[in-house]
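Have a look at the structure below, then the notes.
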Amino acid sequence: GAVVSQHPSWVICKSGTSVKIECRSLDFQATTMFWYRQFPKQSLMLMATSNEGSKATYEQGVEKDKFLINHASLTLSTLTVTSAHPEDSSFYICSPRGGTQETQYFGPGTRLLVL
Amino acid sequence: AQTVTQSQPEMSVQEAETVTLSCTYDTSENNYYLFWYKQPPSRQMILVIRQEAYKQQNATENRFSVNFQKAAKSFSLKISDSQLGDTAMYFCAFILQGGSEKLVFGKGTKLTVNP
């Protein structure tokens, strides 16, 4: 399968600070990037979809000003959680997809804890 | 809208035994793909198996095989010779063919393999 890296794997921050999560597709060009959020014992919830060079499309209920997504290149996308609050504590997973392929691979995830 | 239903929140199996996880889906489309993903305690999402809807032959990957019943919209996963490392959450997922569609997940089945 595809190789996807995510950094950092763990982050603890104070309430009010911003956190940036990087996602890289290491062996293919990601024309589309999906960002998911997962709460304990639940399924993945899609937050937003971005195409390289375009603005992200956010799912209903996801604040675009809070979760800033940048997909400036075919191998790198970032998710910035701005002014993080304890309720933003969660597990964030990126998933790049290339071209017309339907199979999605996933990054290892980032655990965010906001104190 | 497409939906995926996993009716078994939790299952357990003895090591070396066989277990089947259920998944049903709902769509009015004819061209799509189905997947089973595994999420072990590390929370890394791992692709287990993929099935193209246009293929009648059931997909197999080593100890993992599916029973794809298109008319019944059923896509079950059989794990043979269960191993302790198979302990994980298993998610059934669906995506329409086209390259621009979103992956739809079921709620997951927590599988425990007992020694």
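All of the numbers you see were taken from the coordinates with simple rules; none came from a lab. Bear in mind that the values here come from a model prediction, so they are computed numbers and not experimental data. Here the Cβ is made from the backbone with ideal geometry for all residues, glycine too, and neighbour counts use every protein chain on show.
Left without a cysteine partner by the 4.7 Å Cβ rule in the protein assembly as shown: A:Cys13.
Can you list the residues of the stretch A:80-115 with backbone N under 17 Å from a point 7 Å past the Cα of A:Lys66, pointing along Cα to Cβ? What the label zone holds, given the 17 Å backbone N cut-off, is A:80-93, A:112-115. Taking the charge dipole of chain A about its Cα centre, with +1 at Lys and Arg Cβ atoms and -1 at Asp and Glu Cβ atoms, the residue from A:Thr32, A:Val4, A:Ser73 reaching farthest to the positive side is A:Val4. Ranked by how many other Cβ atoms sit within 10 Å of their own Cβ, fewest first, the residues B:Met45, B:Met89 fall in the order B:Met89, B:Met45. Karplus-derived 3J(HN,Hα) values for the stretch B:71-87, using 6.51 cos²θ - 1.76 cosθ + 1.60 with θ = phi - 60°, are 5, 8, 6, 10, 8, 8, 10, 10, 10, 9, 6, 3, 10, 4, x, 7, 4 Hz; glycine and proline are entered as x.
When every Cα-Cα distance of the protein assembly as shown is counted in 5 angstrom steps from zero, the calculated P(r) takes the values 1, 7, 14, 18, 18, 16, 13, 8, 4, 1, 0 percent.
Estimate the FRET efficiency between A:His85 and B:Gln97 by the formula 1/(1 + (r/R0)^6), using the beta-carbon distance for r and 35 Å for R0, to the nearest 0.05. All intermediate terms of the calculation are to be shown ahead of the outcome.
Details: r = 39 Å, r/R0 = 1.13.
Plugging the Cβ-Cβ distance into 1/(1 + (r/R0)^6) gives 0.35.
Take each residue in A:38-44, count the other chain C-beta atoms within 10 Å of its C-beta, and the mean is 5. In a simple Cβ point-charge model (Lys, Arg +1; Asp, Glu -1; nothing else charged), chain B has a dipole of about 180 debye relative to its Cα centre.
Filter A:Lys66/B:Lys70; A:Lys20/B:Lys73; A:Lys14/B:Lys102; A:Lys41/B:Lys55; A:Lys41/B:Lys78; A:Lys66/B:Lys102 down to the pairs with a C-alpha to C-alpha distance above 30 Å, please. Please report the intermediate quantities before stating the final value.
Working: A:Lys66/B:Lys70 41 Å; A:Lys20/B:Lys73 40 Å; A:Lys14/B:Lys102 33 Å; A:Lys41/B:Lys55 33 Å; A:Lys41/B:Lys78 22 Å; A:Lys66/B:Lys102 22 Å.
Table pairs above 30 Å Cα-Cα are A:Lys66/B:Lys70; A:Lys20/B:Lys73; A:Lys14/B:Lys102; A:Lys41/B:Lys55.
Starting with the highest mean, order A:5-13, B:34-42 by the number of other Cβ atoms within 10 Å, averaged over the residues of each peptide. Mind showing how you got there, number by number?
Working: A:5-13: 14.4, B:34-42: 19.2.
Taking the mean over residues of other Cβ atoms within 10 Å, the ranking is B:34-42, A:5-13.
Sequence gap at least 6, Cα distance under 8 Å: using those rules, report the relative contact order of chain B to the nearest whole percent. Spell out each step's value before the answer.
Numbers: 279 pairs, mean separation 42.7, N = 115.
Relative contact order comes out at 37 percent.
Is there a quick way to get the dipole size of chain A? I mean about its Cα centre, with the Cβ of Lys and Arg at +1 and of Asp and Glu at -1; what is the value in debye to the nearest 20? Using only the charged Cβ atoms, the result is roughly 200 debye.
For the residues A:Leu76, A:Leu112, what sequence is obtained by ranking on other C-beta atoms within 10 Å, fewest first? Could the numbers behind the result be given before it?
On the way: A:Leu76 17, A:Leu112 21.
Fewest to most other Cβ atoms nearby, the residues stand as A:Leu76, A:Leu112.
Taking the number of Cβ atoms within 10 Å of each Cβ as an exposure proxy, the fewest-first ranking of A:Ser18, A:Ser89 is A:Ser18, A:Ser89.
Take each residue of peptide A:102-109, count the partner chain Cβ atoms within 10 Å of its Cβ, and average: the result is 6.
For B:42-48, what's the mean count of beta carbons from other chains sitting within 10 Å of each residue's beta carbon?
Working: counts 3, 9, 7, 12, 3, 6, 0.
Per residue, the average neighbour count from other chains is 6.
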